[in-house]
Amino acid sequence: MGKLTFSMGGVHPNDSKYARECAIEELPLPQTVYVSMAQHLGAPAKPLVAPGDKVLVGQVIAEPGGFISAFVHSPVSGTVKAVAPRKDLAGNPVMHVEIAVEGDEWDPAIDRSKELVTAIPDDKAAILDKIKACGVVGLGGATFPTHVKLSPPPGKVAECLILNGTECEPYLTSDHRIMIERPKEIVIGAAIMQKVLGCPCVIGIEENKPEAIASMRAAVAELGYPNMEVKVLKKRYPQGGEKQLIDAVMHRQVKSGGLPIDVGAVVQNVATSLAVYEAVQKNKPLITNVLTVTGNKIPGNLQHNYLFRIGVPLSFVVEQAGGVPDTAAKLISGGPMMGKAISNLDATTVKGSSSVLYLSDEDTRRKPETNCIRCGKCADACPMGLEPFLLNRLYKAGDLDALEANAAQDCIECGCCLYSCPACIPLLDHIRQAKGQVMGVIRARAAAAKAAAEAAKAAAEAKK
Amino acid sequence: MDKKYIVSPNPHIHASVSTTSIMRDVIIALCPALIVSVLAYGWAELLVVAVSVLSCVLLEWAVTKWMMKRPSTVGDLSAVVTGLLLAMNLPSAIPLWIVFIGAFVAICVAKLPFGGIGQNVFNPAITGRVFLLVSFPAQMTNWQPTPGFIPIPDAVSGATPLSALKEAIKSGSTIPEFMSANNYDLASFLWDAGASAGEISAGALLIGFVYLLIRRVVKPWIPICVLGTMALISVIFHGINPDVYTGVQFNLLTGGAMLGALFMATDYVTSPMSTLGGIIYGIGIGLIAMMIRYFGSYPEGMSFAILLMNCTVPLLNMWFHQKKYGRA
């Protein structure tokens, strides 16, 4: 059988996975950690601690601030110093809990042994409760609360759990390393999620990670859970995009504005699966994750994969990793295609932190914009089948109706258009703006429709 | 952070492709055909190419600098491509001042007034050529081959095969009579179509086009549709009456069909963005070119066909879009 891939668009950047051989090291503890209250998609968490409180590793320090939100736990033991706003990596103020580290005392409820727990619990509700209580969120980038994703709305049935091991972003190697070093835990995590959803599981890994494929295949065979299979995908960005992965594995497309569950798919990252394993089998909340420190043309001793406590400042990570190389012109949190530029190294790591990436001026400086030559490379590259050149023009013209008709709101912001544009036109910058405006129009329309319906209902009630 | 770092939105890396790199690929792709034509037509051909390219580049540089007061765009090499394509559409014996006029029309009428690269509605090189064709018909179609570096097997002097044939049919002779009278051997057209530089070797043009396909600069749909349509129409009409209507080989290998289909119809700027639009555009070019060849008063229809279909591109772009993810 041929290798799977998604059906439209995509680009083939050099995968640059220089840190692929670097085994995961445990990052030492800093003196102070800053735990963000907004490190998941949805409403920020509400702090439950006050300055002066003593906390243990794994203790709850914040509760969900809404339905789509998550618990936050202390990654260290020590004393809460402050609960105050602090700048995130883009420089926006976000509520943080500042904890001075004292020793390393863990909540006794957490099983810290290395022993593998292979028996899957039977009670689905208890599993979901544990995942929720441990603050597990999707670690593939969107940080969507995992328990919400594992609870399909009434009437929707999961037909396939797709475990995302594609790691299609260049440079990143953290998923690659956990698939090599902790494959069994990932597989058990997947089996737990399978139990909740009651559906088969496909583990999708791109062909450029043969060691990870072999390691995961061996773990699946050894553990012998039913209906679980590793499938090899072509190397192609953005294969790990949720919609693209569903297309690649199930040959189904999620309708515009729809959810993966509409086509029977649930996608979870391999790192999330590991977090689910730790939460359900070991009672360990999501307080650690793996990130890659890497860059182009930097010495080997500056390349690392770290197991870090969530809340360690980026500056500490960088310092431990040997400092910022002189050639670095841009620091990025995440991959080179979808990551965010770091404007503030004092910002803290969050649940979804996957890397600190150094790019040189030559790699990253944008070239001056020239005329569009209508080559259509942006449309060829768009994995959503959009026409970025057209959306760019419509954005400049301010034509919101036409932007909506041409599906600007479907943009997944993967960056393929700008990556492949020979004229270096800031297509994605403009389309992102356009998407925001169109989404605003759509939301306003929905709100107006809802208000009108309610008013009509109220009027009908009054008549009675 | 003491040092200043760049902060900008994603993506943070870029494919190693630029307008200049694309134009450089097109220039490389034109080289085989250029070499063949220089070998066949000698110094005169080289001079035509040099004058055409230099005129295009200098005119673009001068106009952007002094009239448009913009940064010069000659660095993107698009003027060089226009110059090469124009030269390849001209006979080698043409007076050089006519070459300059062609370059002037291409750059200063068809390209820059619309806003320069990417903005023009009509293919500049073809606009230049058509202007010369209607203004200087004698110099453009009736000519002596200039002495080349290597002998051409059956060089035709006088008119190009297409115009000679048109005259022959007008005066009442049939195609087979014309072929034998002129010693035409159809197979030899593959390398010698006894016409302007770009028309001389279909083989060399094809090699260049394959290079563009490999480099993913162009997609094959437009040329396939242009040449396929021309072939189909030739088969039908030649089948009906081989005395009056020329056959497939003749039509595909003469009169700039190859140069037009492979290098002019595939111009990014003046062809549709979507694949379906491109297919319709290609079929349209093939159809119009054959209608002109069979029923029009001009011997050769490629240039007019491309220009006419250029007009339809905005409409084709409006009507045809590519398939979107998750939408019917």
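The alpha carbon centroids of region A:187-252 and region B:64-103 are separated by 56 Å.
Can you tell me the relative contact order of chain A? Whole percent, Cα pairs under 8 Å, sequence separation 6 or more. After rounding, I find 19 percent.
Subtracting the Cα-Cα distance of A:C424 and A:D111 from 0.36 nm times their residue separation leaves 107.5 nm of extension gain.
Based on the Kirkwood radius over alpha-carbon pairs, what is the Stokes-Einstein translational diffusion coefficient of the protein assembly as shown at 25 °C with 0.890 mPa s viscosity, in µm²/s?
The estimated diffusion coefficient comes to 82 µm²/s.
Summarised as an ellipsoid, region B:248-328 has semi-axes of 27, 12, 11 Å, derived from the eigenvalues of the Cα gyration tensor scaled by 5 and square-rooted, with the largest first. Short to long, the 10 Å bins of the Cα pair-distance histogram for region A:335-405 hold 14, 30, 31, 24, 1 percent of all pairs.
Name all residues of region A:258-277 having a backbone nitrogen under 17 Å from the label point set 7 Å from the Cα of A:A449 along its Cα→Cβ direction, giving them as ranges. In region A:258-277, the label zone of A:A449 (backbone N under 17 Å from the point 7 Å along Cα→Cβ) covers A:258-259. Using only the alpha-carbon atoms of region A:377-445 as identical scatterers, what base-10 log of I(q)/I(0) does the Debye formula give at q = 0.13, 0.16, 0.17, 0.29 Å⁻¹? Those come out to -0.30, -0.45, -0.50, -1.35, one per q. Counting only Cβ charges, +1 for Lys and Arg and -1 for Asp and Glu, the dipole size of region A:344-464 around its Cα centre is about 540 debye. Considering only DSSP states other than H, G, I, E and B, which GluC sites (Glu not before Pro) in region A:1-65 qualify as loop sites with at most 15 other Cβ atoms within 10 Å? Those that pass, being in a loop and sparsely packed, are A:E21. For region B:1-50, the Kirkwood estimate of hydrodynamic radius, built from reciprocal distances between every pair of different alpha carbons, is 14.8 Å.
Taking other C-beta atoms within 10 Å as the exposure proxy, B:W221, B:W319, B:W97 rank B:W97, B:W319, B:W221 from fewest upward.
Applying both filters, DSSP loop and at most 12 other Cβ atoms within 10 Å, to the GluC sites (Glu not before Pro) of region A:53-141 gives A:E115.
Hey, got the dipole for the protein assembly as shown? About the Cα centre, +1 on K and R Cβ, -1 on D and E Cβ, debye to the nearest 20?
On the way: 67 positive and 63 negative charges, 324 e Å.
The dipole of the protein assembly as shown has a size of about 1560 debye.
Neighbouring Cβ atoms from other chains, within 10 Å of the Cβ of residues in A:364-371, number 5 on average. Values of log10 I(q)/I(0) for region A:321-464 across q = 0.19, 0.21 Å⁻¹ run -1.12, -1.22, by the Debye formula with one identical scatterer at each alpha carbon and no solvent. The distance linking region A:282-343 with region B:254-306 is 55 Å (Cα centroid to Cα centroid, whole angstrom). Give A:K209/A:K243; A:K330/B:K69; A:K396/A:K450; A:K234/B:K324; B:K219/B:K324; A:K435/B:K69 a once-over and call out the pairs whose C-alpha atoms are over 28 Å from each other. Beyond 28 Å between Cα atoms: A:K330/B:K69; A:K396/A:K450; A:K435/B:K69.
In region B:9-126, the alpha-carbon atoms span a convex hull of 109 Å³ per residue.
With contacts defined as alpha carbon pairs under 8 Å and 6 or more residues apart, what's the relative contact order of region A:377-445 in percent? Relative contact order for region A:377-445 comes out at 37 percent. Counting Cα-Cα pairs of region A:153-231 in 5 Å increments starting at 0 gives whole-percent bin shares of 3, 16, 28, 23, 15, 9, 5, 2, 0.
The mean number of Cβ atoms from other chains found within 10 Å of a Cβ in peptide A:375-383 is 5, as a whole number. Rounded if a/c is under 1.5, else prolate if a/b beats b/c, else oblate: with a ≥ b ≥ c from the C-alpha gyration tensor eigenvalues square-rooted, which is chain A? Judged from the Cα gyration tensor, chain A comes out rounded (a/c under 1.5).
Shown for B:T73, A:T118: other C-beta atoms within 10 Å of each C-beta, ranked fewest to most, produce the order A:T118, B:T73.
So how do A:379-386, A:8-15, B:275-282, A:33-40 stack up, highest first, on mean other-Cβ count within 10 Å?
Highest to lowest by the protection proxy: A:33-40, A:379-386, B:275-282, A:8-15.
Placing unit charges on the Cβ atoms only, positive for Lys and Arg and negative for Asp and Glu, gives region A:377-445 a dipole magnitude near 140 debye about its Cα centre. Shown for B:S234, B:S18: other C-beta atoms within 10 Å of each C-beta, ranked fewest to most, produce the order B:S18, B:S234. Checking every one of the trypsin sites (Lys or Arg not before Pro) in region B:1-106 against DSSP loop status and a limit of 16 other Cβ atoms within 10 Å picks out B:K3, B:K4, B:K69. In terms of overall dimensions, region A:179-300 has a Cα radius of gyration and Dmax of 15.4, 47 angstrom.
Each reported figure results from applying straightforward, stated rules to the coordinates on display, with no laboratory input. Source: prediction; values computed, not measured. As a convention, Cβ positions derive from the backbone with ideal geometry for all residues, glycine included, and neighbour counts pool all protein chains shown.
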